[in-house]
1. For the range B:241-339, which GluC sites (Glu not before Pro) pass both filters: DSSP loop (anything but H, G, I, E, B) and at most 12 other C-beta atoms within 10 Å?
2. Shape verdict for chain A, please, from the Cα gyration tensor: rounded (a/c under 1.5), prolate (a/b greater than b/c) or oblate.
3. Can you sort B:Glu46, A:Glu170 by 1.4 Å-probe accessible area, starting with the largest?
4. Determine the dipole magnitude for the protein assembly as shown: charges of +1 sit on the beta-carbon of Lys and Arg, -1 on that of Asp and Glu, nothing else is charged, the reference point is the Cα centre, and the result goes in debye to the nearest 20.
5. When the helices in chain A are scored as -39500 (n - 2.57) per DSSP H run of 4 or longer and the sum is shared across all residues, what 222 nm value do you end up with, to the nearest 500 deg cm²/dmol?
6. Please determine, in degrees from 0 to 90 and to the nearest 10, the orientation of helix B:418-429 with respect to the longest principal axis defined by the Cα atoms of chain B, where the helix direction is its Cα long axis.
7. Counting heavy atoms of the protein chains only and a 1.4 Å probe, report the per residue accessible area for the range A:172-320 as a whole number of Å².
8. Separation of the range B:66-98 and the range B:181-214 by C-alpha centroid, Å?
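The values are calculated or read from the model by the stated rules, or taken from the named source; none is laboratory data. Only a predicted model underlies this, so the values are computations on that prediction, with no experimental measurement involved. Cβ: placed from backbone, ideal geometry, glycine included. Neighbour counts: every protein chain shown. Each accessible area value is taken on the protein alone, full model and side chains, heavy atoms only, with ligands, DNA and RNA left out. Shrake-Rupley method; radii C 1.70, N 1.55, O 1.52, S 1.80 Å.
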Amino acid sequence: MATPVHTNANVPTGQPPKPQRPTRSRWSRFIHSSRTAPYVFVLPFLLSFALFFAYPVISTVIMSFQEVLPGITTYVGLENYKDLINPTFGKAILNSVLYTLLTLVVLIPLPLVLAVLLNSPKMPGRGLFRSVMFIPALTSVVVAGTIFRLMFGELDGSLMNSLLGAFGLEPYKWLMNANTGFLALIVLALWRWLGVNMLYYMSGLQNIPPELYEAAQIDGASRFDSFWRITIPMLKPVTIYVFTISIYAGLSMFTESYMLWNGNNSPNDIGLTIVGYLYRQGLEQNSMGFGAAVGIVLLVFTLLLNLVQLKFFGLFRKED
Amino acid sequence: MLLRRKSMALMLMAVVLLAGLLQGCSGKADEQDGPGTELVLWTFNELHEKFFLQMADQWNQLHPDEPIILKANTFPYDNHHSKLSIALQSGVGAPDIADIEVNKIGNFLKGIPQLVPLNPVIDPELKNIVPSRVQIYGKDGKYYGIDFHVGAEVMYYNKEILDQAGVNPDSIVTWADYAASGKQVLAKTGKPMATVETNDLWNYWPMISQQKSDFLDDKGQLTLDNETNIKTLEFLQQMVKDKIAIPAPGGGHHMEEYYGFMNKGGAASVWMPMWYMGRFTDYMPDLKGKIIIRPLPAWEKGGSRSAGMGGTGTVVTNQSKHQDLAMRFLAFAKLSKQGNVEIWKQLGFDPIRSEVWTMPEVKAKNKFTDYFGTNIFDTLIEVKDEINAVHIGPKTPDIASAVRNKILYRTLLNGEDPATVLHELADELR
């Protein structure tokens, strides 16, 4: 940046004006420099990234090769990773993957269909339904988990058993059985996230030009054809986004299971997830090194899975 | 310039607001007023907090020359232990005094314990207290924690149901008698004799402890799948198969479902430690006057009729700047005669100082004597020499988790073979 030259009005004419020293200090010049400004602007991000992401990740990687005991820390090489090969961790991975798959199966098509319905001007009370569907997302998962635990309680009076009773069926121990326990988990996820995913799809629907539907109508396309050949392809970016965050959310699920079983101790570990196992080892059993190894495996696993699905959806392909 | 001032003012306001907000979030500890040395206490039980605050008041009256200001915080159980463990691992932020539950103490005894050995106050009192209640918080001859109670396991019988079935509780001497009486209760009333936990340890662990067995031996070696433990689990499973016992509704004796079931007279008895009395008085009010306390059945005539179960050790951390004062206050609260009487009066626990059991103070009317009668301590005195020490070690949290989540569920609810399940889990833990 060129330094402006100030002229002094009091200087008698006839003498060449003396160039004045710039009034700005070095510091001022530094922060007003167009070369440094970008760095100054990105510095807060870089600092917070380094402090809250890079540093913990690097520490976790180091810790995963250590045995961390109170007062003593020793390097154990790959010991923690070797110990990960055990049936309990296997079960945790299986549960997390199953949960993720099941949430994907329900939490993509249902919000999509609901969004299309609620986007139609012919739908009565759509404003009300939009708000009602979104309210669960605002509810704390701790409260929701507790309510679902009571709903799926094993006494005759719990909501689910009252429903069974209405059909003349015996009360059931919902949370003691792997299948029905998972059902409760999925229903909870559906109840909480349906509205949010619906909102993503609705914003996607607003961006589809109405002319496309008009043109299709003129060409004689049925409603289903329009939905299948216009709505779904046009919503692909939203679907990829919902898919990606659902994979992440599914694999990192912990609080729902913790609340539903009143702690990290579900019968026969039917609700144990990868994060639950990390919590159990790292905090409940005070094996920080082993917990760190679980965390690294989860990180790599989630990263790989998301990369594969993004590749599959062609997100890395060059734009046409 | 004006703009800059304005933005400065706005920023200042934002900082002040944020600080106020953070202050609001941080919560406030309960504490005393007045001058004195500040001691911070963390616990996971609100009643423990109240007890310590009251003991601090008593301390200040008796020690006007060195008063303390106790700042007490109660956190949820898991939260509390995790917070404490991280504070001790990282070397900053730990309180002076903290409660550690017996199933969690193993974590804190790993490596070099970051706790202060309490031997200077415990050693002189060892002959007056039940020694196992400090030994479970010990390592290499050092004691790091002092328990609130003996945790003597007893049988709570519902006298009304037993009378209907024509069973005299005093004639039940052995577990075989108990099972036989159970059959009679089931036949006459259609009700189960007992409920058993499938998500906690307070039924299975005392049964093996009575036979001098345990999950770990005195050297810390895993004995989870030894012959006694297998036989005992088979016995429990048989009672469930015979419908003499049913898995506790909700999985354990601390569940809403269970309280509701039992309060309506769901089962004729339940065996739990003496500290469970508070759950009866608070959550099963309809059983008032119907519940009687008796020793556990023995495995053979003359065998042990109780076991010391559960407990919360209070520790002093090595980060405390007033370790000596904290230790002496802790001894006053949990080892002194005065403190032990208060433990009974306020918390309804069987205190670890045995001379207190015969004092008139423990016969005085309170909500526990109203509910169970005045002879509660007679049972404790009867079985006091029949309580074997349990072995606690670094592996205890892991074992407790396996027994809670898998072993009891798979054998008692799913009907799998106890020997197979115990061997499988023991191999995994080794």
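1. When the GluC sites (Glu not before Pro) of the range B:241-339 are filtered for loop state and at most 12 Cβ neighbours within 10 Å, B:Glu300 remain.
2. Values: a/c = 2.55, a/b = 1.38, b/c = 1.84.
It comes out oblate by the Cα gyration axes.
3. Most to least solvent-accessible, the answer reads A:Glu170, B:Glu46.
4. Value, rounded to 20: 3160 debye.
5. -18500 deg cm²/dmol
6. 30 degrees
7. Spelled out: the 1.4 Å probe surface of the range A:172-320, per residue, equals 50 Å².
8. Spelled out, the Cα-based centre of one part sits 37 Å from the other.
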